[in-house]
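Have a look at the structure below, then the notes.
The values are calculated or read from the model by the stated rules, or taken from the named source; none is laboratory data. These figures come from a predicted structure and were not determined experimentally. For neighbour counting, all protein chains shown are included, and Cβ atoms are generated from backbone atoms with ideal geometry for every residue, glycine included. For the accessible areas, the whole protein counts, side chains as well, though only heavy atoms, and no ligand, DNA or RNA atoms are used. Shrake-Rupley method; radii C 1.70, N 1.55, O 1.52, S 1.80 Å.
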Amino acid sequence: MLSSLFQQFLNGITVGSIYSLVALGYTMVYGIIKLINFAHGDIFMVGAFIGLIISIKMGTNFTLVIFIAIVLTSFIGVLVEKIAYKPLRNRNSARISALISAIGVSIFISNLVVLINGPQNESYPQLLPNNILQILIILISIGLMYGLYYIVHNTKVGIAMRAVSFNVNTARLMGINPDMVISFTFAIGSLLAGAAGVLVGTYYRAVDPFMGMMFGLKAFVAAVLGGIGSIPGAMVGGLILGLTEVLGVAFVSSSFRDAIAFGILIIILIVKPTGLFGKKTKEKV
Amino acid sequence: MDLSFLFNDYVMQVTTNTGINIIMVLGLNLITGVTGQLSLGHAAFMSIGAYSSAILSTSLGAPFIVSLVTGTLTGAIFGAILGIPILRLRGDYLAISTLGFGEIIRVILLNTDLVGGALGIYNIPDSTNIYIVFIAVAFAIFFMYRLEKSRHGMAIKSIREDEIASEMMGINIARYKIISFTIGSGFAALGGTLYAHFMTYINPVDFGFMKSIEQLCMLVLGGMGSIFGAVAGTIVLSTIPEFLRFASEYRMLTYGIVLILMMIFRPQGLFGKIKVNV
Amino acid sequence: MANNILELKNISMHFGGLKAVDNVSFNINEGEILSLIGPNGAGKTTAFNVITGVYIPTLGEVYFKGQKLNDIKPYKITEMGIARTFQNIRLFGQLSALDNIIIAMHSRRKSNMIQSIFRTIKYKAEEKYCIEKADELLNYMDLLGDRNEQAQNLPYGKQRKLEIARAMATEADLLLLDEPAAGMNPQETEELMEIIKNIRKDLKKTIFLIEHDMKLVMGISDRIVVFDYGQLIAEGTPEEIKKNPRVIEAYLGKEVTNA
Amino acid sequence: MLKLKSIHTKYGNIEALKGIDLNVKEGEIVTIIGGNGAGKTTTLNTISGILKPVAGEIHFLNKDITQWKADKIVAEGLIQVPEGRQVFPNLTVYENLILGAYLQKDKIKVSKKMEYVFDIFPRLKEREKQLGGTLSGGEQQMLAIGRALMAEPVLLLLDEPSLGLAPIVVQNIFKIIQDINKTGTTILIVEQNAHMALSIANRGYVIETGKIVLEDDAKKLLTNDEVRKAYLGG
Amino acid sequence: MRKLLVSSIVATTVALGGIAFAAGELSLGIQGPETGNLATYGQKTLAGAKLAIDEINAAGGVNGKTLKLINYDSRGDKAESANIIQRFINKDKVCGVIGEPTSGATFVIGPIANKAKLPLISAGATADGVVEKKPYVFRDTLLDADGAPATLKFLMDSKKWKNFVLITSVNNDYSVSMSKIFTNAAKKFGANIVGEQKVSDGDKDFSAQVTSIKNLKFDAIIYTGYYPEASLLLLELRKQGINAPIIGGDGLLSPDLWKVAKDAALGSIIFAGFSPEAKAKKIQEFVEKMKSRGEADMFSAQGYDAVYLFADAMKKAKVTDCADVKQREGIQKALATMPEFDGVSGKMKFDKEGNAIKKPFIQEVAKRANGEYYLKLLNE
């Protein structure tokens, strides 16, 4: 019983840490341009597929696979921003326009993968040793999150990211080019999503072109749970979501897995709309 | 020239489906386009209408008109009940919670044996026909048009334009948001009842997140805040797949690109004049 | 002594550590034009927000016609007879000038949803009355020619006027005008002065305004209250205020000593 | 050094600046004074590239910077301290200052500059690790100015440095502004607090509803009745 | 690019296709999800059907006319399915439709086809009520109500298994109904269901469920859902050290099961309406021919059989113009009264409701010496 509980716990943290990685991308982008980037889940999926292709073509060296995957996903993330979001920002469009554009990107990416690779599930190679798989996934996630934390807090561009998310115009007065910082944010967020994609593939050993949808939505819930815009919030939110889901499935019922996630979301929004770590902003009258 | 092809069952089928969509999108337009409250869970209210009417028709053998009215009212009541807690939220938070509610309702339907769980409900009488849908669409357009022109509609519009100013002009914004959400959900449910009695079979898969998004896209494409836009956008997106039948592989891809290009070059939609800041 | 229409009793409004308004008391008499002046950030708009129910004061009470306003919702306060304009114009930008006015009549109208949808005789009569009344107001403000324009497309000066007209359409007895002359040219300001005077004279409204344009303030106010750092530092007639050394200091500042 | 020729700037439909002409010479302190909504902040934001003028020209160090982006203008040494200080509340004092030197690649120069700022504002040194949002108003103003100094300004634009500060603090800040000027930085300062600004400036402009209505030697403006009238309506 | 070109040519043909049938062609329609998350079923069925069409045309067509296949993608959306069937009826005027491979969409299009007297063969629907009371609606699938009990009995007899864990995918109608059939069959044959777990289609993470059954004693796990989840479930089972095989229906029947699960899939028992290992010559030829078209499986076999069923019926009814209701009535009659049909998905005959009466192929996932996975047929 106890070992089973421990196992459930480990399961929860493994899934949770991957949620966190994806949630970070949502939260960073939201923090900086106030956009719910619906295409983020698809970037995650693309990351998984790139990992798959690399490991088929170039061998199952995990480091190489994840490296190429994150480089390419961060590139794709920036590209998406430049094509689908930046033109809207420049036109000072309503937020819903950017949201719809993001949905368009999401539909485009997932169907492009279907077109290229077919709609079927693809098996994923074993990239990490099975016996310590979960521990490795958790460690890699923590490592990536620490890397992010370091960048955001100890590098100039990281500080600039936080500055832009507070006030774009003031940041410009520092000589910061907001477009550059936004691109950087997309690059980092997509990088984490790409890594998460490879990890999910490695963990579940299968990927499909529509996996980004639900996983993305839930990671987004995790971001909201932690307080959207807050980086530690996304990390904690992911873990909480992963744990509640797995424990909920284990001790209550699996059928309500998605309901658990969204139920938490609604409770949080009603009780404390800004999430666990979020800050309140008030409209000026 | 032989025009009979315009009146065959195929055209009727597509037209009826389009009509049902129009009713639901008009409901969404009231919530999102007119009131300015972004909803990402409209399909949930469609499902409530569909399910409640389907149960009435199949289990209790109620006449269609009873199912239709009850289904619509049930959807509206759910709209009001869910609206009360979540409409205090604003902007993205509201959008996310509607999304959450939509998913929760779907999961509940999926896990309730009483409504067939994943199997859903079949053998629903096929009571919906093009004439009923035509009347319902006409009613929806008439209702929305009159509502928008009335003092209540004006109050609702003013919330979209400026919540604070609206309240300062003596408008009970909480109440009107709920009214709008209730009516909008009612129309979604009306569409749902018609859908259920047209398809004769429903299950929770029909009412997922993507359905809500599809409805939102119809609205945004046509133009938020415009009845004509909502109708036109729905017609375009409901019928275009039929014209693109040949290119099935590229259909969804094109759909994605069209959405992006639309937002870049014509964010107010094909026929919209209004910028809704949500 | 004239009748008190609005009374602020020891009002304080704190945001975290910031005392935006600090223990302020004053009255507005029925039918007068009272101006509230003070440097940027002195707490003037906060005072408006407290009166209109946007904020609930941390301490103190607000009375309107003898009734306490503290816990009343903003829309109810408007129904009771206080209406306002905003520092950064808050018109319903994408609606016509006429619709802006008609919306403000909301709480005076009775038609219910069913009547509106089916356009009963009663509804039609109400609608007709409202449009006539709105046109009257637009005419009064010299905006009749712009009645069908989207509010956001009107020139700045007209937007200000439309906002005042909209506040008047609520049939409020007390109008709070937040910097009505901001962004207007001298000629427009001149015109505005006339309008405000007329509103008081013709329509017997009480007017409470925040304004930076001293020509306007000194020209039309019966009395002036002055805020600085959230506190009331002076109260009196324009002549008294002009001579008040504390006011001059608050406005022009001191020179740097030992520079 | 800085020259504005007939600058017009719009916010949407509203013309906030209706033809501003002004110039700043090297080494000067110039002030623009005027009431609320007269267009002071708009003028500064137009100079620093936050807003784009619809007509007119801006020249800085003999370059036409009218259509330049804000970050490029900063690189030229034209630095603005924004209205309301706009200290980044979630960044530490140290991080705020680092951002000031965002374009400076040389780390040694940055740390030298930081020492210099800490010299001028020892208070900031004490609060180095604190979040910007936790500082008092006066400290925030110091931080905002310090942050601008990190960028090695050739011309420093100050937007209402006295706003919301207690008189004693204002005195202090203005003294520091004078000191900064003495080290060779040219200063353009926008103020409501006319007396204070004019008392340290060489020259002054009076702005009213988007237009310059008066331009003179600061000492003369200080005693000018028009100024008083512009504020108190005569 | 070439694909695009081809499809636009096809497009033009199809767009003008309303009149094409007069010019020596007879059309069959096929609809199903070709995109979206159910796309595999639609695409497989289509591939099998195309093969059959090509063979028939190479052999001279039907009644002197070539047979044309028109395919539309429904995305698995019910409203689109309904639009498509109406298009087949009214615009393309096809002789018959090979219907949606899923039960849900077939529920919707069945009544429409029936009303228009358009024969419809579903090459995949298994749920109750799909064909009943609709004389024009048939299916050539093995029914779970036949397959599941037969399989359970077979395993209890041959493998001496007695205790089972039952895992259901609760948002999958197919899985829910099959679980009911298994539960009833277990009761009938005296097997024990010692534990039950629920999963959902689209789930990726089964760690919680597997951990929950870890300490139970059982011989095998009955998993009634589809292969994408099954393969992940298998991996999770082995990861947590459970070696029991899983038993499932044709929802597991896809090479992707072992492509994903690899050795974890070994020993899994699948009953289905098709086995590529069956020795019958016809089946072996079919498997061979399908190789260039994406491998034979149950869906392609049923799609293939559906076309041949139609072709046989059309020949028998001497069909020349399907716009004529009388001729379509003939097709229906021919199908309903067809003596035993020997298809690649087994020998079958329609009962009076239109269900195919077939025997299951009970198969076990095994590995050849060369490391290739295959399905060993247990009950030939």
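Measuring max minus min along each principal axis, the C-alpha atoms of the protein assembly as shown give extents of 114, 79, 59 Å (largest first).
Partners of E:Lys78 within straight-line reach, counting aspartates and glutamates whose Cα lies under 16 Å from its Cα and excluding those fewer than 8 residues away in the same chain: B:Asp126, B:Asp206, B:Glu214, B:Glu242, E:Glu34, E:Glu100, E:Asp173. Annotation: amide H-H contacts under 5 Å for C:Leu209 (H modelled 1.01 Å from N, sequence separation of 5 or more, or interchain): C:Leu34, C:Ser35, C:Leu36, C:Leu177. Across chain E, the mean sequence separation of Cα contacts (distance under 8 Å, 6 or more residues apart), normalised by length, yields a relative contact order of 18 percent. Among the residues of C:169-180, the average count of other protein chain beta-carbon atoms within 10 Å of the residue beta-carbon is 1. Interface residues of the stretch E:80-120, defined as a loss of at least 30 Å² in heavy-atom accessible area between the chain alone and the complex of all protein chains with a 1.4 Å probe, are E:Glu80, E:Asn83, E:Gln86, E:Arg87, E:Asn90, E:Phe107, E:Val108. In the structure shown, the pairs A:Lys34/E:Lys262; A:Lys156/B:Lys273; C:Lys158/C:Lys204 are assessed against 32 Å; a Cα-Cα span above that value is assigned to A:Lys34/E:Lys262; A:Lys156/B:Lys273. With respect to chain C, whose longest principal axis is taken over its alpha-carbon atoms, helix C:186-203 is tilted by about 70°. In this assembly, the C-B interface accounts for approximately 2900 Å² of buried accessible surface in total, computed with a 1.4 Å probe and without ligands, DNA or RNA. Within 10 Å of the Cβ of each residue in B:101-110, the mean number of Cβ atoms contributed by other protein chains is 6.
Which order, highest average first, do E:165-175, E:197-207, A:50-60 follow once you tally other Cβ atoms within 10 Å for each residue and take the mean per peptide? Don't skip to the end; give the middle numbers.
Working: E:165-175: 25.3, E:197-207: 22.8, A:50-60: 17.9.
Averaged packing, sorted descending, gives the order E:165-175, E:197-207, A:50-60.
Angle of helix C:121-140 to the longest C-alpha principal axis of chain C, folded into 0 to 90 degrees and rounded to 10: 40°.
The phi torsions of the stretch E:102-116, fed into the Karplus equation with coefficients 6.51, -1.76 and 1.60 and a -60° offset, translate into couplings of 9, 5, x, 5, 5, 3, 7, 7, x, x, 5, 4, 4, 5, 7 Hz, rounded to whole numbers, with Gly and Pro shown as x. Magnitude of the charge dipole for chain C, about its Cα centre and with charges confined to Cβ atoms of Lys, Arg (+1) and Asp, Glu (-1), is about 800 debye. Checking every one of the GluC sites (Glu not before Pro) in the stretch E:213-295 against DSSP loop status and a limit of 15 other Cβ atoms within 10 Å picks out E:Glu295. If only the Cβ of Lys and Arg carry +1 and only the Cβ of Asp and Glu carry -1, the dipole of the protein assembly as shown around its Cα centre is close to 1300 debye.
Under 16 Å of direct C-alpha separation, and excluding same-chain neighbours fewer than eight residues apart, C:Lys68 reaches these lysines: C:Lys9, C:Lys76.
Springs join every pair of Cα atoms under 10 Å in this Gaussian network model of chain D, and among D:Ile73, D:Ile58, D:Ile145 the largest mean-square fluctuation is at D:Ile73. Total buried accessible area between C and D, probe 1.4 Å, nearest 100: 2400 Å². Within a straight-line Cα-Cα reach of under 20 Å, E:Lys162 can be paired with the following lysines, leaving aside sequence neighbours fewer than 8 residues apart in one chain: E:Lys153, E:Lys180, E:Lys187, E:Lys188, E:Lys214, E:Lys217.
Cysteine residues of the protein assembly as shown whose C-beta has no other cysteine C-beta under 4.7 angstrom: B:Cys217, C:Cys130. Applied to the stretch C:169-175, the Karplus parametrisation 6.51 cos²θ - 1.76 cosθ + 1.60 on θ = phi - 60° returns per-residue 3J(HN,Hα) values of 5, 6, 6, 6, 8, 10, 9 Hz, with x for Gly and Pro. Mean residue ellipticity, 222 nm, helices only, chain A: the sum of -39500 (n - 2.57) across DSSP H runs of n ≥ 4, divided by residue count and rounded to 500, is -25500 deg cm²/dmol. Here the Karplus curve 6.51 cos²θ - 1.76 cosθ + 1.60, taken at θ = phi - 60°, turns the phi angles of the stretch D:189-202 into couplings of 10, 10, 8, 8, 6, 5, 4, 4, 5, 5, 5, 9, 8, 7 Hz, with x standing for Gly and Pro.
Amide H to amide H, with H built 1.01 Å from N, B:Gln37 comes under 5 Å of B:Thr32, counting only residues 5 or more places away or on other chains.
Every helix of 4 or more DSSP H residues in chain D counts as -39500 (n - 2.57), and over all residues that averages to -11000 deg cm²/dmol at 222 nm.
Other protein chain C-beta atoms within 10 Å of residue C-beta, averaged over D:165-172: 2.
Amide H contacts for D:Leu188 (H built 1.01 Å from N in the peptide plane; partners 5 or more residues away or on another chain; cut-off under 5 Å): D:Val30, D:Leu156, D:Leu157, D:Leu158. Based on C-alpha pairs under 8 angstrom that are at least 6 apart in sequence, the stretch A:180-285 has a relative contact order of 25 percent.
Only Cα pairs under 8 Å and 6+ residues apart enter the sum, and on that basis the relative contact order of the stretch E:238-292 stands at 33 percent. Expressed to the nearest 5 percent, the antiparallel share of DSSP beta bridges inside the protein assembly as shown is 50 percent.
Using the structure shown, select from D:Lys18/D:Lys40; C:Lys110/C:Lys197; A:Lys86/D:Lys52 the pairs with a Cα to Cα distance greater than 22 angstrom.
Numbers: D:Lys18/D:Lys40 12 Å; C:Lys110/C:Lys197 32 Å; A:Lys86/D:Lys52 19 Å.
C:Lys110/C:Lys197, as the Cα separations exceed 22 Å there.
Relative to the longest principal axis of the Cα atoms of chain E, helix E:298-316 runs at roughly 30 degrees. A protection proxy built from the mean count of other Cβ atoms within 10 Å ranks the segments E:77-85, B:9-17, B:56-64, most packed first, as E:77-85, B:9-17, B:56-64. Antiparallel beta bridges, as assigned by DSSP with both residues in the stretch D:2-231, represent about 55 percent of the total such bridges.
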